[in-house]
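Each reported figure results from applying straightforward, stated rules to the coordinates on display, with no laboratory input. Just so you know, these numbers come straight off a predicted model, no measurement behind them. For neighbour counting, all protein chains shown are included, and Cβ atoms are generated from backbone atoms with ideal geometry for every residue, glycine included.
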There are 2 protein chains.
Amino acid sequence: MQFRERAGTVAGMDAPGYMQQALDAARTAAEYGEVPVGAVVVDASSGHVLAVASNRVEQDRDPTAHAEILAIRAAARDLKTPRLSGCDLYVTLEPCAMCAQAIAFARIRRLVFGAYDPKGGGVEHGARVFSQPTCHHAPDVVGGMEEAACAEILKEFFAGLR
Amino acid sequence: MQFRERAGTVAGMDAPGYMQQALDAARTAAEYGEVPVGAVVVDASSGHVLAVASNRVEQDRDPTAHAEILAIRAAARDLKTPRLSGCDLYVTLEPCAMCAQAIAFARIRRLVFGAYDPKGGGVEHGARVFSQPTCHHAPDVVGGMEEAACAEILKEFFAGLR
């Protein structure tokens, strides 16, 4: 069953610090002049981190190289399967429609994101990928974990571009 | 300006045979047990084919390895930029939400697809990615080119699985 809630209601959920690792990956992206977004894929049963990735669109000259896509691809490579059914994904920003559909294809168990993205998000905004009849797997969704910290990194980055 | 029409109204548009190349790539996918979808990226000004790709999700154990994603990544690598503004993409099946958003990020000029996909499409169905306010570039869209041939390959593939 799919559930949605704001992270404030899930006390201590980031105790293992997965969102902190995603935030560190977002900071790495900023250092390379990339839009600062970071993602982590976790094996939900063991708690083991399978992949950490930063947005690398400009460095890799790859329009699909969002942090979520890179983390999913790395975890799938690691597990030798395109289906990550027992895995959770932590990401600092609400995924776009591309990443949301990739999360659905990968059968991610739970998506936890930080900042909401009214301008480009595809989960709670715009395409609302998981709510479409064309979406055949929807993860549990938790939005707003470490929201202020995740949003601040993006705000600083875009202020610096001006 | 975005326009949408069925390919039947664009006489001779596939004169260079781009969709035929995409169909060949779809047949290659089927030979490897993959859902048979193929894609081609073309430099619109020169007519040069920059990339041809088949769906490789199972072979690559990569849930993002749809034909469109692989063709876009290959063309971006070739042109050394994540932005393929002067390029057109031909694909045998209506893109899903993941691929549609990737097409938007890549700033593809025109998308030409074959079969419509009411169950999984993200252009004319479901997420309708290009129609969302969160989508900041929409290509021209032509649907239904070589529709019967593109659909037949998929139909044969799924019949063979039963």
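Could you give me D for chain B, from Stokes-Einstein at 37 °C and 0.692 mPa s, where the hydrodynamic radius is the Kirkwood radius over C-alpha pairs? Units µm² s⁻¹, please.
Working: Rh = 15.3 Å.
Diffusion coefficient, whole number: 214 µm²/s.
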MRE, 222 nm, helices only [DSSP H, n ≥ 4, -39500 (n - 2.57), over the protein assembly as shown, to nearest 500]: -10500 deg cm²/dmol
Order by protection proxy (mean Cβ within 10 Å, highest first), peptides B:124-137, A:32-45, B:86-99: B:86-99, A:32-45, B:124-137
Electrostatic dipole magnitude of the protein assembly as shown [Cβ: Lys, Arg +1; Asp, Glu -1; Cα centre; debye, to 20]: 120
Chain A: DSSP helices with Cα axial extent of at least 15 Å and average Kyte-Doolittle hydropathy no lower than -1.0: A:18-31, A:67-79, A:147-161
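Give, rounded to the nearest 20 debye, the magnitude of the charge dipole that the stretch A:24-110 has about its Cα centre when Lys and Arg contribute +1 at Cβ and Asp and Glu contribute -1 at Cβ. Don't jump to the answer; show the numbers that get you there.
Details: 10 positive and 11 negative charges, 87 e Å.
Here the stretch A:24-110 has a charge dipole of around 420 debye.
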Size of charge dipole - chain B - debye, nearest 20, with Cβ of Lys, Arg +1 and Asp, Glu -1, no other charges: 500
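Could you work out the relative contact order of chain A? I mean the mean sequence separation of Cα pairs under 8 Å and 6+ apart, divided by the number of residues, in percent.
Once normalised by length, the contact order is 23 percent.
So which trypsin sites (Lys or Arg not before Pro) in the stretch B:21-93 are both in a DSSP loop and have at most 10 other Cβ atoms within 10 Å of their Cβ? Intermediate values should be presented prior to the final figure.
Numbers: sites: B:Arg27, B:Arg56, B:Arg61, B:Arg73, B:Arg77, B:Lys80, B:Arg83; in loops: B:Arg56, B:Arg61, B:Lys80, B:Arg83.
Within the stretch B:21-93, the qualifying trypsin sites (Lys or Arg not before Pro) (loop, at most 10 other Cβ atoms within 10 Å) are B:Lys80.
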Positive dipole terminus of chain B, leading residue within B:Leu50, B:Pro36, B:Leu79 (C-beta point charges): B:Leu79
Partners for B:Lys119 among lysines (Cα-Cα distance below 17 Å; same-chain residues under 8 apart left out): B:Lys155
Fraction of beta bridges assigned by DSSP in chain A that are antiparallel (%, nearest 5): 45
Span from the the stretch A:94-162 Cα centroid across to the the stretch B:91-108 one, whole angstrom: 18
Cα-based Rg of the protein assembly as shown normalised by 2.2 N^0.38 Å, two decimals: 0.97
A:Asp140 versus A:Glu31: modelled label distance in nm, points set 7 Å from Cα along the beta carbon direction: 3.4
Listed residue (A:Leu154, A:Gly120, A:Ala138) projecting farthest to the positive dipole end of the stretch A:120-162, Cβ model: A:Gly120
